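Here's the structure, in structure tokens; my notes come after.
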Amino acid sequence: MIATQRVTDSLIIVAILLAVWQGLNLMVGDTALPGPAATLAYLAHLVPSARFAENALATLAAFTYALVIAYGLGLAIGVWLGAHHLSGAVGEPLLVALYSIPKITLYPVILLIFGLGISGKVAFGALHGILPVALLTMSAIRNIPPVYLKVARTLHLSKWQTIFAVFFPATLPEVVAGLRIGFTVTLLGVLLAEMFASKRGLGFLIINAMSLAQSEEMLTVAIMLFVFAVLANSLLLWMEHRLHRRN
Amino acid sequence: MTGPDSGGEVHARLLGVTRIFPGATGQQPVHALGPVDLELRRGEFFAVVGPSGCGKSTLLEILAGLQSPTSGTVTFEGQPVTADVPDGIGVVFQEDASFPWLTVWDNAAFGLRRAGAPEAEVSRSVNDALAFMGLQDFARAYPSQLSGGMRQRVCIARTLVLQPRLILLDEPFGALDAQTRLLMGDEVLRLWRRTSATVLLITHALDEAAMLSDRIGAMSARPGRFMDIVETRWPRERDSTIVSETSFGEITGRLWENLRGESIKSLGHSGAGPA
Amino acid sequence: MSRVGVIRLIVVIAAIGLLELACRLGFIDYRTIIPPSEMTTVLVRLLASGELNSDIARTFGVVVIAVAISIVLGFALGLLIHAVPRVRRALDPLLATYYAVPIFIFYPVMVAIFGLSIIPIVLIGIAAAAVAMIIATLNGLDRVPRVLTKVARVHRMGPLDTALRLKLPAAAPHLFTGVKLAVSYGFIAVIASEFILAPAGLGRAIADAYSDFNNRKMYALILLLLVFATCMNMALHAWDLRWSARRGVRPQ
């Protein structure tokens, strides 16, 4: 009952969004905002093109590198700050402060250091992603109930057994939450970088389309990124919920 | 079987044990415990009661080797207890210490598997322990699907499979309702009889201590010391129905007489310092 | 100040000092990063000259408009959604994934529709901030203890009275967390919009200084925004902590 109602409600929401879109289209005209049908038609035309593949691959490559760096450094910093009490107490407010500033203001600095190529995009994406991964990993380690450590000692676990059999599974749900948020903001960082100063990538395609007044292309790329972000996030959220349900 | 009142063989001994926690900067050190002398006889059921914050849990953790005493010595089966938990001691904690990422079965198997026991032996011991604790129907469940009392049984089962000779229970039923506690008390008595282990139970519930134990140590407010040790002289075969015996009332009465003043003292600084 | 606070201050000062030293000694090229002391002096001069006043006024005006609308709108929508459980159930997955979408990619679309004015910037600001307020409102209302509703019935309070005198204060710490996030998100979105594409504003001024190779002005402006954002977030965080501590809830 509830499940079918849920599906119906989700469909209703999608229908409302499409109707709003169509309504806006009728209000402002095709040149400013193409309707859903026109956008879908353009999608079928754009996706097979070489131009799209080239730019999508450029974004994907920058995003992948940025994500690997963000996850690696974020986990390392998080473990360090979580395991070493003084470092954590000193470092946490600094990371929180960095997390909530508008990082776009630092992009020119990144460009001056790393240049206009892919490395600047990667660095900017990673800069976004490191912080939530580090903060949530640190919090996960701090939140391990102290009684788990006592149990490990009464069961005569070695240091490595304690780490792999107790600490690792105990922290996993919150760490995965950090990885999910890291995924989102790293993608945002890479796209922002491409929108500001780049000649390649999907962020560039959007800005380029806007300056050429090609609304269909702009909207199509934005919506594809939207769908990609939603799907990836749903997958990670599903993993997180599975881990949480157990815990 | 050595009777509790026959002054049998000493299984574990604390001698002049104290614990002083260094104060935070600018704060006085906290004298939490002692000096305490205690001899646990092999096979007896000993309960420690006392007001909150009197150092009961500290006493247990020192005996388990989880904390080191500031002064004094601790021995278990003739060997000194140092910074490590000795083989043969099992501990069940007050907090829910079941691992939420493992099933009931895997929780129970945890200690044996880490010790590298062959799978056939693990399987036999775990099934045995789960059956004994009445958990066999929940073997595949996760702790989050169980009630608080059931989760505490999981923790007891996890301790049980390692066949401890001294079982330390740190207010294991503190979070449970009164009826569940009576029933869990019966479980613990059954466990004590079957394993022939020595049991040390920390509790703040006088009726629980009076019902379960051969001897009960009443501790003073911080720094905790034993003010009185009461012998119950219950038969080894006993269960929660003894709460209706007249001597049960006498025992709880004597304990409360000892503890009333101490509990009032501890109200003044409740919640301050490590429990 | 606590020992940890002192160490943190030393770490920050040491980092700035190292940067200064590296710049002065030529380990870092002047064309890449200018010394922090120079950023400060340039910033002071720029602020004194009044050259930045119109950009500052514009940016903060837009942030204030966007955040104010977001807070009111988010709170109202939160109340509404909470009142209708079916709508709540349907929207929950949407709210959970909302911040996973880089909403910012729709900024050019807004510009295409509304033209290059403050309207698309305000709209992106609202898109970034309002949903945080909705989520915080729902969280707050979820955590109003059931017993308070019973208290209201014992005192024969009407629905409006219950909402204003019991639910609102009970949910207040969570609402403040929503306000804090709305301010932070709104500010970030406005600066980013200006940076990418806008006729004026502080974000635009940084982008322009970058394109003109005017590093001194660029770094002064970056310093201004970072210092401002950090102070604002610290103040909001301190308030949040105080509110939450008084109520015995953990801030989010």
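The values are calculated or read from the model by the stated rules, or taken from the named source; none is laboratory data. Bear in mind the structure is a predicted one, so any value in this text is a computation, not a measurement. Note that each Cβ is placed from the backbone with ideal geometry, even for glycine, and that neighbours are counted across all protein chains shown.
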Going by the structure shown, is C:ALA198 within 14 Å of chain A (Cβ to nearest Cβ), buried (at least 18 other Cβ atoms within 10 Å of the Cβ), outside any helix (DSSP H, G or I) and within 20 Å of the chain's Cα centre (by Cα)?
-> yes
Residues of region B:151-189 being closer than 20 Å to B:VAL126 by Cα and among the acidic types (Asp, Glu), which ones?
-> B:GLU187
Members of region C:201-220 found to be more than 9 Å from chain A (Cβ to nearest Cβ) and in contact with a helix residue (DSSP H, G or I) (Cβ under 7 Å, 6 or more places away or on another chain), listed by number | C:GLY201, C:ARG204, C:ALA205, C:ARG216, C:LYS217, C:ALA220
Kindly indicate the residue of region B:7-41 that is of a type in the set (Lys, Arg) and under 17 Å from B:ALA64 (Cβ atoms) and also surrounded by the fewest Cβ atoms within 10 Å (Cβ to Cβ) among those meeting that condition.
-> B:ARG13
Taking the condition closer than 23 Å to A:GLY78 by Cα, more than 9 Å from chain C (Cβ to nearest Cβ) and under 11 Å from the mean Cα position of the chain (by Cα), does A:LEU179 pass?
-> yes
Do the conditions hold for B:ILE167, that is, is it under 27 Å from B:GLU77 (Cβ atoms), surrounded by 19 or more Cβ atoms within 10 Å (Cβ to Cβ) and in contact with a Ser or Thr (Cβ under 8 Å, 6 or more places away or on another chain)?
-> yes
Out of B:VAL161, B:VAL122, B:VAL154, sole residue that is touching a helix residue (DSSP H, G or I) at 6+ places or on another chain (Cβ under 6 Å), β-branched (Val, Ile, Thr) and within 22 Å of B:GLN179 (Cα to Cα) | B:VAL154
Within the bounds of region A:89-102, is there any residue that is within 16 Å of A:THR186 (Cβ to Cβ) and buried (at least 22 other Cβ atoms within 10 Å of the Cβ)?
-> no
Matching residues in region A:20-52 (assigned to a helix (DSSP H, G or I), loosely packed, with under 12 Cβ neighbours inside 10 Å and under 28 Å from the mean Cα position of the chain (by Cα)) number 4
Selected residue (criterion: nearest to A:LEU157 (Cα to Cα)) from residues of region B:54-64 that are among the small types (Gly, Ala, Ser) and in a helix (DSSP H, G or I) = B:ALA64
Boolean, C:GLY5 is without any contact (Cβ under 8 Å) to a residue 40 or more places away in the chain, within 27 Å of the chain's Cα centre (by Cα) and farther than 30 Å from A:GLY88 by Cα = no
Being over 27 Å from A:PHE183 (Cβ atoms), crowded, with 18+ Cβ neighbours inside 10 Å and of a type in the set (Gly, Ala, Ser) is the filter here, so list the residues in region A:128-167 that pass it.
-> A:ALA152, A:ALA165
Which condition breaks for A:ALA3 when tested against (1) over 30 Å from A:GLU216 (Cα atoms); (2) within 14 Å of chain C (Cβ to nearest Cβ); (3) surrounded by 13 or more Cβ atoms within 10 Å (Cβ to Cβ)?
-> (3)
Hey, C:ALA136 hits all of (1) part of a loop (DSSP other than H, G, I, E, B); (2) more than 11 Å from chain A (Cβ to nearest Cβ); (3) touching a residue at least 60 places away in the same chain (Cβ under 8 Å) but one; which does it fall short on?
-> (1)
Selected residue (only one of A:GLY117, A:GLY125 is surrounded by fewer than 20 Cβ atoms within 10 Å (Cβ to Cβ) and more than 10 Å from chain C (Cβ to nearest Cβ)) = A:GLY117
Is region A:100-109 home to any residue that is in contact (Cβ under 8 Å) with a residue 60 or more places away in the chain, away from chain C (no Cβ under 14 Å), in contact with a helix residue (DSSP H, G or I) (Cβ under 8 Å, 6 or more places away or on another chain) and β-branched (Val, Ile, Thr)?
-> no
Identify all residues within region C:201-227 that are farther than 22 Å from C:PHE106 by Cα and outside any helix (DSSP H, G or I); write none if there are none.
-> C:ASP212, C:PHE213, C:ASN214
Residue selected from region A:132-162 under the condition among the hydroxyl-bearing types (Ser, Thr, Tyr) and closer than 22 Å to B:GLU95 by Cα, by the criterion nearest to the other protein chains (Cβ to nearest Cβ) = A:THR154
Look through region B:132-145, keep the residues that are exposed (fewer than 14 other Cβ atoms within 10 Å of the Cβ) and modelled with pLDDT under 90, and return whichever of them is farthest from B:THR159 (Cα to Cα).
-> B:SER144
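C:ALA182 - would you say it is crowded, with 17+ Cβ neighbours inside 10 Å, away from chain A (no Cβ under 11 Å) and either of a type in the set (Val, Ile, Thr) or in a helix (DSSP H, G or I) (or both)?
On the way: crowded, with 17+ Cβ neighbours inside 10 Å: yes; away from chain A (no Cβ under 11 Å): yes; either of a type in the set (Val, Ile, Thr) or in a helix (DSSP H, G or I) (or both): yes.
In short, yes.
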